[in-house]
Amino acid sequence: MRIDLHIHTAPRSACSHLGLSELIQRVKQIKLDGICLTEHHVVWDRGDAAKLAEEGEIKVFRGNEFTTNQGDVLVFGFDKDIKELLTIQELREEVKKADGFMIAAHPFRGFKTFGINQLQMTVEQACRRKVFDFVDAIEIGNGKLSDDENDMARKVAETLGLPGTGGSDAHRIDEVGKWVTVFENDIHNEQELLEELKAVRFSVSKTDTNG
């Protein structure tokens, strides 16, 4: 089951230019099995997400992307709508109470500007980022990052023994589905999504979305 775990829509995410109708059309065009709406500090209303899923005839799951003092984190299984900036420790405590799941989002964004070689950061040094002490997984396939950035995230995940996820981080229609998380089992609701994430019954795939 191919799910894009990282999507932003307009107007809920101010930085996004992706409308709901075109998102639905694109999902069907590239034959995704489901999407996760992970707006910035905005949790979709459960009823609104269910309505979108029914009208679009697609599977829609809710998440959230939080900005912390240690970088951005995707959160699942956590319905609390928190607008203020939290430390990574505070977010972890909140999500742990809800029995949720945290993913370090695009942890090495910026290497496309400076280049990994220029930064001279080894995998061992990269593993020391504090955010990795507080998350359950690392996003190793992000549609807006370079191959080098994603590769560094993959190496760090492997070194730390953390699972890796994939998502497009789409803000435009052409970005949807570039990276996906491929789940072994069918997922019908958010509780099942959470269970599959925690059980690490998934892999990551880069998708050709030009077809």
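Here are some notes:
- Calculated [222 nm] ellipticity per residue, helices only, for the chain: -8500 deg cm²/dmol; basis is -39500 (n - 2.57) per DSSP H run with n ≥ 4, divided by all residues, nearest 500.
- With N counted as the residues of segment 3-125, its alpha-carbon radius of gyration over 2.2 N^0.38 Å works out to 1.18.
- Taking amide H positions as modeled 1.01 Å from N, with prolines and chain starts lacking one, the residues under 5 Å from L18 and 5 or more places away or on another chain are A10.
- When every Cα-Cα distance of segment 35-75 is counted in 10 angstrom steps from zero, the calculated P(r) takes the values 31, 45, 19, 5 percent.
- Counting neighbouring beta carbons within 10 Å and listing from fewest to most, the residues E175, E22, E139 come out as E22, E175, E139.
- Fraction of beta bridges assigned by DSSP in the chain that are antiparallel (%, nearest 5): 55
- 5 Å binning of all Cα-Cα separations within the chain, expressed as whole percents from 0 upward: 1, 8, 16, 21, 21, 17, 10, 4, 1, 0
- A cut-off under 11 angstrom between Cβ atoms defines the neighbours of L86, and their net charge, with Lys, Arg +1 and Asp, Glu -1, is -1.
- Karplus-derived HN-Hα couplings along segment 199-204 (A = 6.51, B = -1.76, C = 1.60, θ = phi - 60°), whole Hz, x at Gly and Pro: 7, 6, 9, 7, 9, 10
- Near V204: Cβ cut-off under 10 Å, other residues only, Lys/Arg at +1 and Asp/Glu at -1. The net charge is +1.
- Counting charges near I138 (Lys, Arg +1; Asp, Glu -1) among other residues having Cβ under 13 Å from its Cβ returns a value of -3.
- 3J(HN,Hα) couplings calculated from phi for segment 138-149 with the Karplus curve 6.51 cos²θ - 1.76 cosθ + 1.60 (θ = phi - 60°) are, in sequence order, 10, 6, 9, x, 10, x, 9, 9, 6, 4, 5, 5 Hz; Gly and Pro show x.
- Long-range amide H partners of T207 with built H, under 5 Å: W179, V180
- Theoretical FRET efficiency, 1/(1+(r/R0)^6), r = Cβ-Cβ of A98 and C15, R0 30 Å, to 0.05: 0.70
A short reminder: the numbers here are calculations on the coordinates, not readings from a lab. Note that this is a predicted model, so its numbers are computed, not measured. Reconstructed Cβ throughout: ideal geometry from the backbone, glycine too, with neighbour counts over all protein chains shown.
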